[in-house]
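Presented below is the structure to which this report refers.
The values are calculated or read from the model by the stated rules, or taken from the named source; none is laboratory data. Computed from a predicted model, the values in this text were never measured in an experiment. No Cβ is skipped: glycine too gets one built from the backbone with ideal geometry, and neighbour counts run over all protein chains shown.
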């Protein structure tokens, strides 16, 4: 018996044991996702919120007209004093009096790496959308909004519009026509950072953001 067959046999035995113990083995994935009935944006956003809650992601719903005031409330509630924004952020002048400093990501990381990793409390980023069935944010980093904005600060505040929600990753790729222009660096984020040791003990916030706050804009 070669190594490949030994591995397959071990997996098969494991599956049979699970079935014998009363567990349910999911069916092999197919392409039924493409024929699935489309849910409304409200249904998708609720599903997204439910899934995100399971991985300690915080979802805050807000009408478009209250977005700026709610961001102010989040900053005040979480005692954020140093905030990182993109040069293209529409919120650069929105937090006067609440912050000690607003930093703009407008220079190469090499020139301020220490400050980014040690002095920034939170960052606000845009999103390309969300995936409801897995509770996943999709970010498409750019020169003006690099991926480090969502990976380094202890608190990541992401702006997600309800109209940007898609049921599955397949739907998301299809909607954005990625077959004709796939991004070189898309980020899929499901909750704050987490890691597990060999004993499968899950810990949050060890490498990267300790908190993920999704501001879900209802339209």
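Structure summary
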read-out: Residues of region 119-131 classified as under 19 Å from residue 193 (Cα atoms) and part of a loop (DSSP other than H, G, I, E, B), total; value: 4
read-out: Listing of strands (runs of 3 or more DSSP E) fully contained in region 1-118 that carry 2 or more residues being surrounded by fewer than 16 Cβ atoms within 10 Å (Cβ to Cβ) and modelled with pLDDT of 95 or more; value: 58-63
read-out: Qualifying residue in region 91-108 (condition: touching a residue at least 24 places away in the same chain (Cβ under 8 Å), within 20 Å of the chain's Cα centre (by Cα) and within 30 Å of residue 50 (Cα to Cα)); value: no
read-out: Among (1) assigned to a helix (DSSP H, G or I); (2) closer than 22 Å to residue 211 by Cβ; (3) in contact with a strand residue (DSSP E or B) (Cβ under 6 Å, 6 or more places away or on another chain) - the single one residue 172 does not satisfy; value: (2)
read-out: In region 119-151, the residues that are buried (at least 19 other Cβ atoms within 10 Å of the Cβ), farther than 20 Å from residue 183 by Cα and modelled with pLDDT under 95; value: 132, 135
